[in-house]
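**Student:** If you scroll down you'll find the structure; I have some questions about it.
The values are calculated or read from the model by the stated rules, or taken from the named source; none is laboratory data. All values derive from a computational prediction rather than experimental measurement. Because the Cβ atoms are built from the backbone with ideal geometry, glycine has one as well, and the counts that use them run over all protein chains shown.
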Amino acid sequence: MLKRFFILCSGADTDILTRCANGEQNKYVGIGATVFFTAVMAFIAASYALYTVFDSYVSAIFFGLIWGFLIFNLDRFIVSTIRKKGSFIDELLQASPRIILAIIIAVVISKPLELKIFEKEIDRVLLEQKNEFTLANKEQIATQYTPITNSIDAEIIVLKEEVMAKEIEVNTLYDTYISEAEGRKGTQILGKGPVYKEKREKHDAALAELVQLKQLNTDKIAKLESQKAQLAIEYEDQVMKSQPVIDNFDGLMARIEALGELPWLPSLFIFLLFLAIETSPILAKLISPKGEYDYKLADIEDEVKTWVAQKEAQRSVVLETDHAVNDKVYGDLTEEEELYEYKKKIARELMKKQQDAFYQRQTGIL
(Lines give C-alpha, C1' and ligand atoms only; values in the text may rest on other atoms or scores of the structure.)
Protein backbone atom coordinates (compact mmCIF):
# COMPACT_ATOMS: atom_id res chain seq x y z
CA MET A 1 0.00 0.00 0.00
CA LEU A 2 2.75 2.42 1.02
CA LYS A 3 4.81 1.37 -1.98
CA ARG A 4 1.95 2.10 -4.38
CA PHE A 5 1.38 5.46 -2.70
CA PHE A 6 5.00 6.55 -3.14
CA ILE A 7 5.00 5.34 -6.75
CA LEU A 8 1.91 7.51 -7.27
CA CYS A 9 3.79 10.42 -5.71
CA SER A 10 6.67 9.92 -8.15
CA GLY A 11 4.38 10.54 -11.13
CA ALA A 12 5.49 7.33 -12.85
CA ASP A 13 3.23 5.30 -15.14
CA THR A 14 2.08 2.47 -12.87
CA ASP A 15 1.11 0.24 -15.81
CA ILE A 16 4.66 0.35 -17.13
CA LEU A 17 6.37 0.27 -13.73
CA THR A 18 4.51 -2.84 -12.56
CA ARG A 19 6.11 -4.73 -15.47
CA CYS A 20 9.60 -3.65 -14.35
CA ALA A 21 11.94 -5.28 -11.87
CA ASN A 22 11.68 -4.61 -8.11
CA GLY A 23 14.89 -2.60 -8.15
CA GLU A 24 13.43 -0.20 -10.70
CA GLN A 25 10.23 0.08 -8.69
CA ASN A 26 12.20 0.81 -5.50
CA LYS A 27 14.00 3.64 -7.29
CA TYR A 28 10.72 5.37 -8.03
CA VAL A 29 9.46 4.62 -4.53
CA GLY A 30 12.44 6.62 -3.27
CA ILE A 31 11.74 9.46 -5.69
CA GLY A 32 8.06 9.52 -4.67
CA ALA A 33 8.95 9.53 -0.96
CA THR A 34 11.25 12.49 -1.57
CA VAL A 35 8.43 14.37 -3.34
CA PHE A 36 6.00 13.57 -0.54
CA PHE A 37 8.22 14.59 2.38
CA THR A 38 9.26 17.76 0.60
CA ALA A 39 5.57 18.69 0.44
CA VAL A 40 5.18 17.83 4.15
CA MET A 41 8.07 20.16 5.05
CA ALA A 42 6.52 22.87 2.87
CA PHE A 43 3.21 22.41 4.70
CA ILE A 44 4.83 22.70 8.16
CA ALA A 45 6.88 25.76 7.25
CA ALA A 46 3.99 27.54 5.52
CA SER A 47 1.60 26.79 8.39
CA TYR A 48 3.97 28.29 10.96
CA ALA A 49 4.63 31.35 8.79
CA LEU A 50 0.92 31.92 8.26
CA TYR A 51 0.22 31.42 11.97
CA THR A 52 2.54 34.32 12.76
CA VAL A 53 0.49 36.40 10.31
CA PHE A 54 -3.10 35.33 11.04
CA ASP A 55 -2.62 34.15 14.65
CA SER A 56 -5.18 31.42 13.92
CA TYR A 57 -4.55 27.66 13.79
CA VAL A 58 -7.43 27.04 11.40
CA SER A 59 -6.34 29.62 8.83
CA ALA A 60 -2.69 28.59 9.15
CA ILE A 61 -3.43 24.88 8.63
CA PHE A 62 -5.88 25.55 5.77
CA PHE A 63 -3.53 27.73 3.74
CA GLY A 64 -0.57 25.54 4.74
CA LEU A 65 -2.34 22.54 3.20
CA ILE A 66 -2.94 24.50 0.01
CA TRP A 67 0.74 25.43 -0.13
CA GLY A 68 1.80 21.83 0.58
CA PHE A 69 -0.45 20.45 -2.17
CA LEU A 70 0.88 23.10 -4.56
CA ILE A 71 4.49 22.09 -3.91
CA PHE A 72 3.57 18.40 -4.10
CA ASN A 73 1.82 18.81 -7.45
CA LEU A 74 4.62 20.96 -8.84
CA ASP A 75 7.38 18.52 -7.81
CA ARG A 76 5.41 15.53 -9.06
CA PHE A 77 4.80 17.23 -12.41
CA ILE A 78 8.43 18.24 -12.88
CA VAL A 79 9.80 14.84 -11.86
CA SER A 80 7.37 13.00 -14.11
CA THR A 81 8.18 15.19 -17.13
CA ILE A 82 11.98 14.92 -16.89
CA ARG A 83 13.06 12.41 -19.52
CA LYS A 84 16.31 10.50 -19.21
CA LYS A 85 18.11 11.43 -22.43
CA GLY A 86 21.53 10.09 -21.57
CA SER A 87 22.94 13.63 -21.36
CA PHE A 88 23.12 15.18 -17.87
CA ILE A 89 23.45 18.69 -19.34
CA ASP A 90 20.24 18.34 -21.35
CA GLU A 91 18.40 16.98 -18.33
CA LEU A 92 19.79 19.79 -16.15
CA LEU A 93 18.63 22.43 -18.65
CA GLN A 94 15.23 20.78 -18.70
CA ALA A 95 15.02 21.01 -14.90
CA SER A 96 16.60 24.49 -14.57
CA PRO A 97 13.27 26.40 -14.22
CA ARG A 98 12.31 24.14 -11.32
CA ILE A 99 15.72 24.58 -9.69
CA ILE A 100 15.38 28.39 -9.86
CA LEU A 101 11.91 28.10 -8.37
CA ALA A 102 13.31 25.78 -5.69
CA ILE A 103 15.73 28.50 -4.57
CA ILE A 104 12.84 30.95 -4.18
CA ILE A 105 10.72 28.39 -2.35
CA ALA A 106 13.65 27.45 -0.09
CA VAL A 107 13.92 31.07 1.03
CA VAL A 108 10.17 31.21 1.73
CA ILE A 109 10.19 27.91 3.61
CA SER A 110 13.41 28.37 5.59
CA LYS A 111 12.60 31.79 7.03
CA PRO A 112 9.58 30.71 9.13
CA LEU A 113 11.46 27.74 10.56
CA GLU A 114 14.46 29.93 11.29
CA LEU A 115 12.11 32.19 13.22
CA LYS A 116 10.93 29.19 15.23
CA ILE A 117 14.40 27.73 15.79
CA PHE A 118 15.87 31.06 16.95
CA GLU A 119 12.68 32.13 18.74
CA LYS A 120 14.38 32.77 22.11
CA GLU A 121 17.16 34.83 20.58
CA ILE A 122 14.63 36.78 18.50
CA ASP A 123 12.51 37.42 21.61
CA ARG A 124 15.57 38.88 23.33
CA VAL A 125 16.26 41.20 20.39
CA LEU A 126 12.59 42.20 20.25
CA LEU A 127 12.60 42.90 24.00
CA GLU A 128 15.56 45.25 23.58
CA GLN A 129 13.85 46.95 20.67
CA LYS A 130 10.60 47.29 22.65
CA ASN A 131 12.48 48.87 25.56
CA GLU A 132 14.14 51.32 23.18
CA PHE A 133 10.79 52.08 21.56
CA THR A 134 9.20 52.59 24.99
CA LEU A 135 11.86 55.10 26.03
CA ALA A 136 11.69 56.86 22.68
CA ASN A 137 7.90 56.93 22.88
CA LYS A 138 7.99 58.47 26.36
CA GLU A 139 10.48 61.09 25.20
CA GLN A 140 8.38 61.89 22.16
CA ILE A 141 5.20 62.26 24.21
CA ALA A 142 7.09 64.27 26.82
CA THR A 143 8.02 66.84 24.17
CA GLN A 144 4.31 67.72 24.01
CA TYR A 145 4.00 68.32 27.77
CA THR A 146 7.49 69.44 28.89
CA PRO A 147 7.23 73.04 27.58
CA ILE A 148 3.89 73.51 29.36
CA THR A 149 5.23 71.96 32.58
CA ASN A 150 8.35 74.13 32.44
CA SER A 151 6.18 77.21 31.96
CA ILE A 152 4.10 76.28 35.01
CA ASP A 153 7.26 75.69 37.09
CA ALA A 154 8.57 79.10 36.03
CA GLU A 155 5.31 80.77 37.10
CA ILE A 156 5.45 78.99 40.48
CA ILE A 157 9.04 80.15 41.00
CA VAL A 158 8.04 83.74 40.18
CA LEU A 159 5.17 83.63 42.67
CA LYS A 160 7.40 82.20 45.39
CA GLU A 161 10.06 84.80 44.69
CA GLU A 162 7.41 87.55 45.06
CA VAL A 163 6.54 86.23 48.52
CA MET A 164 10.21 85.93 49.48
CA ALA A 165 10.90 89.47 48.29
CA LYS A 166 7.93 90.75 50.33
CA GLU A 167 9.14 88.84 53.40
CA ILE A 168 12.57 90.42 53.06
CA GLU A 169 10.92 93.84 52.81
CA VAL A 170 8.80 93.19 55.94
CA ASN A 171 11.82 91.92 57.87
CA THR A 172 13.79 95.01 56.86
CA LEU A 173 11.00 97.31 58.08
CA TYR A 174 10.82 95.34 61.33
CA ASP A 175 14.55 95.80 61.97
CA THR A 176 14.16 99.51 61.14
CA TYR A 177 11.43 100.30 63.69
CA ILE A 178 13.03 98.10 66.38
CA SER A 179 16.36 99.87 65.91
CA GLU A 180 14.52 103.22 66.17
CA ALA A 181 12.93 102.16 69.44
CA GLU A 182 16.26 101.05 70.88
CA GLY A 183 18.03 104.21 69.70
CA ARG A 184 20.57 102.32 67.56
CA LYS A 185 19.55 103.89 64.24
CA GLY A 186 17.44 106.72 62.86
CA THR A 187 17.03 109.51 65.42
CA GLN A 188 19.11 107.45 67.91
CA ILE A 189 16.68 108.49 70.67
CA LEU A 190 15.62 105.70 73.00
CA GLY A 191 11.87 105.25 73.19
CA LYS A 192 8.81 104.99 71.02
CA GLY A 193 8.47 108.44 69.57
CA PRO A 194 6.68 109.74 66.45
CA VAL A 195 9.37 108.35 64.09
CA TYR A 196 9.02 104.94 65.69
CA LYS A 197 5.25 105.00 65.19
CA GLU A 198 5.66 106.04 61.55
CA LYS A 199 8.08 103.21 60.84
CA ARG A 200 5.91 100.76 62.77
CA GLU A 201 2.92 101.72 60.66
CA LYS A 202 4.95 101.07 57.44
CA HIS A 203 5.92 97.68 58.80
CA ASP A 204 2.39 96.76 59.76
CA ALA A 205 1.10 97.82 56.32
CA ALA A 206 3.81 95.78 54.59
CA LEU A 207 3.03 92.80 56.88
CA ALA A 208 -0.65 92.98 55.91
CA GLU A 209 0.34 93.09 52.26
CA LEU A 210 2.61 90.06 52.85
CA VAL A 211 -0.23 88.06 54.39
CA GLN A 212 -2.53 88.97 51.51
CA LEU A 213 0.19 88.19 48.95
CA LYS A 214 0.91 84.83 50.56
CA GLN A 215 -2.75 83.86 50.44
CA LEU A 216 -3.12 85.03 46.84
CA ASN A 217 0.08 83.37 45.60
CA THR A 218 -0.68 80.19 47.55
CA ASP A 219 -3.99 79.90 45.71
CA LYS A 220 -2.27 80.55 42.37
CA ILE A 221 0.44 77.98 43.13
CA ALA A 222 -2.21 75.43 44.10
CA LYS A 223 -3.99 75.94 40.76
CA LEU A 224 -0.72 75.68 38.87
CA GLU A 225 0.21 72.51 40.76
CA SER A 226 -3.23 71.11 39.91
CA GLN A 227 -2.64 71.88 36.22
CA LYS A 228 0.77 70.26 36.46
CA ALA A 229 -0.73 67.13 38.07
CA GLN A 230 -3.40 67.00 35.33
CA LEU A 231 -0.70 67.21 32.67
CA ALA A 232 1.16 64.37 34.37
CA ILE A 233 -2.02 62.26 34.31
CA GLU A 234 -2.57 63.04 30.61
CA TYR A 235 1.06 62.16 29.90
CA GLU A 236 0.76 58.78 31.64
CA ASP A 237 -2.54 58.17 29.82
CA GLN A 238 -0.89 58.81 26.44
CA VAL A 239 1.97 56.49 27.37
CA MET A 240 -0.45 53.74 28.42
CA LYS A 241 -2.52 54.11 25.21
CA SER A 242 0.53 53.87 22.95
CA GLN A 243 2.24 51.07 24.90
CA PRO A 244 0.06 48.23 23.47
CA VAL A 245 1.27 49.16 19.98
CA ILE A 246 4.83 48.66 21.15
CA ASP A 247 3.95 45.47 23.05
CA ASN A 248 2.42 44.00 19.86
CA PHE A 249 5.59 44.72 17.90
CA ASP A 250 6.34 41.04 17.31
CA GLY A 251 4.80 40.32 13.90
CA LEU A 252 6.38 38.47 11.01
CA MET A 253 8.27 41.45 9.59
CA ALA A 254 9.55 42.48 13.03
CA ARG A 255 10.81 38.96 13.68
CA ILE A 256 12.52 38.78 10.30
CA GLU A 257 14.28 42.07 11.01
CA ALA A 258 15.28 40.80 14.44
CA LEU A 259 16.59 37.62 12.83
CA GLY A 260 18.74 39.77 10.57
CA GLU A 261 20.54 41.11 13.63
CA LEU A 262 21.62 37.61 14.68
CA PRO A 263 24.74 35.88 13.24
CA TRP A 264 24.17 34.99 9.59
CA LEU A 265 26.06 31.68 9.43
CA PRO A 266 23.41 29.50 11.16
CA SER A 267 20.72 31.00 8.95
CA LEU A 268 22.80 30.23 5.88
CA PHE A 269 23.12 26.56 6.83
CA ILE A 270 19.40 26.27 7.46
CA PHE A 271 18.70 27.88 4.08
CA LEU A 272 21.10 25.44 2.38
CA LEU A 273 19.39 22.56 4.17
CA PHE A 274 15.98 23.54 2.86
CA LEU A 275 17.41 24.26 -0.57
CA ALA A 276 18.72 20.70 -0.61
CA ILE A 277 15.35 19.39 0.58
CA GLU A 278 13.43 21.43 -1.98
CA THR A 279 15.66 20.40 -4.89
CA SER A 280 15.97 16.78 -3.74
CA PRO A 281 13.13 15.45 -5.96
CA ILE A 282 14.76 16.98 -9.04
CA LEU A 283 18.25 15.91 -8.02
CA ALA A 284 17.01 12.40 -7.26
CA LYS A 285 15.60 12.12 -10.76
CA LEU A 286 18.70 13.70 -12.37
CA ILE A 287 21.28 11.49 -10.63
CA SER A 288 19.30 8.28 -11.03
CA PRO A 289 20.61 6.15 -13.92
CA LYS A 290 18.51 5.39 -16.96
CA GLY A 291 16.69 2.19 -16.13
CA GLU A 292 14.21 -0.32 -17.42
CA TYR A 293 11.25 2.00 -16.88
CA ASP A 294 12.89 4.79 -18.89
CA TYR A 295 13.59 2.45 -21.80
CA LYS A 296 10.04 1.09 -21.83
CA LEU A 297 8.56 4.56 -21.54
CA ALA A 298 10.78 5.79 -24.37
CA ASP A 299 9.77 2.76 -26.45
CA ILE A 300 6.06 3.51 -25.96
CA GLU A 301 6.53 7.20 -26.71
CA ASP A 302 8.56 6.39 -29.84
CA GLU A 303 5.91 3.90 -30.90
CA VAL A 304 3.18 6.52 -30.55
CA LYS A 305 5.35 9.10 -32.32
CA THR A 306 6.01 6.69 -35.20
CA TRP A 307 2.33 5.73 -35.45
CA VAL A 308 1.29 9.38 -35.57
CA ALA A 309 3.92 10.15 -38.21
CA GLN A 310 2.76 7.15 -40.24
CA LYS A 311 -0.88 8.25 -40.12
CA GLU A 312 0.12 11.77 -41.11
CA ALA A 313 2.10 10.42 -44.09
CA GLN A 314 -0.84 8.21 -45.11
CA ARG A 315 -3.24 11.15 -44.96
CA SER A 316 -0.83 13.15 -47.12
CA VAL A 317 -0.65 10.35 -49.74
CA VAL A 318 -4.46 9.98 -49.73
CA LEU A 319 -4.86 13.71 -50.24
CA GLU A 320 -2.41 13.80 -53.12
CA THR A 321 -4.12 10.77 -54.74
CA ASP A 322 -7.53 12.40 -54.36
CA HIS A 323 -6.25 15.57 -56.02
CA ALA A 324 -4.79 13.57 -58.90
CA VAL A 325 -8.05 11.63 -59.39
CA ASN A 326 -10.11 14.81 -59.29
CA ASP A 327 -7.88 16.47 -61.85
CA LYS A 328 -8.23 13.48 -64.18
CA VAL A 329 -12.02 13.22 -63.71
CA TYR A 330 -12.63 16.89 -64.41
CA GLY A 331 -10.21 16.76 -67.32
CA ASP A 332 -12.20 13.94 -68.88
CA LEU A 333 -15.47 15.81 -68.29
CA THR A 334 -14.25 18.81 -70.28
CA GLU A 335 -14.14 16.61 -73.42
CA GLU A 336 -17.79 15.36 -73.18
CA GLU A 337 -20.11 17.07 -75.73
CA GLU A 338 -23.31 16.14 -73.90
CA LEU A 339 -22.18 17.96 -70.71
CA TYR A 340 -21.17 20.97 -72.82
CA GLU A 341 -24.60 21.22 -74.53
CA TYR A 342 -26.46 20.84 -71.22
CA LYS A 343 -24.44 23.55 -69.51
CA LYS A 344 -24.88 25.82 -72.56
CA LYS A 345 -28.66 25.37 -72.37
CA ILE A 346 -28.74 26.23 -68.66
CA ALA A 347 -26.58 29.32 -69.25
CA ARG A 348 -28.91 30.50 -72.04
CA GLU A 349 -31.98 30.20 -69.79
CA LEU A 350 -30.21 32.01 -66.99
CA MET A 351 -29.25 34.91 -69.24
CA LYS A 352 -32.86 35.18 -70.51
CA LYS A 353 -34.17 35.42 -66.97
CA GLN A 354 -31.59 38.08 -66.14
CA GLN A 355 -32.62 40.14 -69.17
CA ASP A 356 -36.34 39.85 -68.31
CA ALA A 357 -35.69 40.93 -64.73
CA PHE A 358 -33.61 43.90 -65.90
CA TYR A 359 -36.35 44.97 -68.32
CA GLN A 360 -39.07 44.81 -65.65
CA ARG A 361 -36.95 46.85 -63.24
CA GLN A 362 -36.23 49.57 -65.80
CA THR A 363 -39.93 49.75 -66.77
CA GLY A 364 -40.90 50.19 -63.14
CA ILE A 365 -38.42 53.05 -62.75
CA LEU A 366 -39.84 54.89 -65.82
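**Student:** Going by the conditions given, is K296 assigned by TED's automatic domain parsing to the domain that holds V79, within 24 Å of T18 (Cα to Cα) and among the charged types (D, E, K, R)? Talk me through it step by step, then tell me what you get.
**Tutor:** Numbers: assigned by TED's automatic domain parsing to the domain that holds V79: no; within 24 Å of T18 (Cα to Cα): yes; among the charged types (D, E, K, R): yes.
No.
**Student:** Given the criterion within 60 Å of the chain's Cα centre (by Cα), more than 30 Å from A45 (Cβ to Cβ) and assigned to a helix (DSSP H, G or I), identify the matching residue among L297, L286, L350, L319.
**Tutor:** Checking each option against the conditions leaves just L297.
**Student:** Among the candidates I157, I100, I78, single out the residue that is among the β-branched types (V, I, T) and buried (at least 19 other Cβ atoms within 10 Å of the Cβ).
**Tutor:** Step by step, each of I157, I100, I78 is checked, and only I78 is among the β-branched types (V, I, T) and buried (at least 19 other Cβ atoms within 10 Å of the Cβ).
**Student:** Do you know which residues across segment 102-138 are within 20 Å of the chain's Cα centre (by Cα) and closer than 27 Å to V239 by Cα?
**Tutor:** Of everything in segment 102-138, those that are within 20 Å of the chain's Cα centre (by Cα) and closer than 27 Å to V239 by Cα turn out to be I122, L126.
**Student:** For segment 1-80, list the helices (runs of 4 or more DSSP H) that sit wholly inside it and hold at least 3 residues that are polar (S, T, N, Q); which are they?
**Tutor:** 22-54
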